[in-house]
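Okay, structure first, notes after.
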Amino acid sequence: MGIRLLSLLLNAKQAVKMHTASSRNRCGVPKGHIAVYVGDIETKRFVVPIAYLNHPSFSALLNRAEEEFGFKHPTGGLTIPCREDVFINLTSKLQSC
C-alpha cells in the first residue's frame, strides 16, 4: 500500500512538472530564461536570462522588489519596481558582459 502511494506521488510530481514546463513554453519563456514585469505604475513584460539573477546590480533590483512586494506581486509574476528605461539600460549592460 505504501509503495503504491509513493508511486502515485511520483507520477503526480512528474505530471505537475510537465504541465509547468508546457505552460512556460506557451507563455513564450524559453528554457534558461525568466519573465519579469517592470514598471512603477504600468508594467511591461520582459524575458531575461536566468544568469542575470546572479549579477549584483540585478540582485539589488530583486531586493527592492522583495522589500516593496514581498511574495505578493500585483501581476502574479515577478514584478520589479523600477522605470523601464533603467531596466533596459541595466540589461543591455549585462548583455554586453
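Less than 5 angstrom separates the built amide H of Thr79 from those of Tyr37, all sequence-distant by 5 or more or on a different chain. 3J(HN,Hα) couplings calculated from phi for segment 55-61 with the Karplus curve 6.51 cos²θ - 1.76 cosθ + 1.60 (θ = phi - 60°) are, in sequence order, 6, x, 5, 6, 4, 5, 5 Hz; Gly and Pro show x.
If you take the C-alpha gyration tensor of segment 29-97, multiply each eigenvalue by 5 and take the square root, what semi-axes do you get, largest first, in whole Å? Don't skip to the end; give the middle numbers.
Working: eigenvalues 63, 34, 29 Å².
Equivalent-ellipsoid dimensions as semi-axes: 18, 13, 12 Å.
May I ask you to rank Thr43, Thr79, Thr91 by accessible area, largest first, using a 1.4 Å probe over the protein chains only?
Working: Thr43 55, Thr79 0, Thr91 20 Å².
Final ranking, largest accessible area leading: Thr43, Thr91, Thr79.
The values are calculated or read from the model by the stated rules, or taken from the named source; none is laboratory data. Computed from a prediction, not measured in an experiment: that's the story for all the values here. Please note that ligands, DNA and RNA were not included when accessible areas were found on the heavy atoms of the full protein model with its side chains. Shrake-Rupley method; radii C 1.70, N 1.55, O 1.52, S 1.80 Å.
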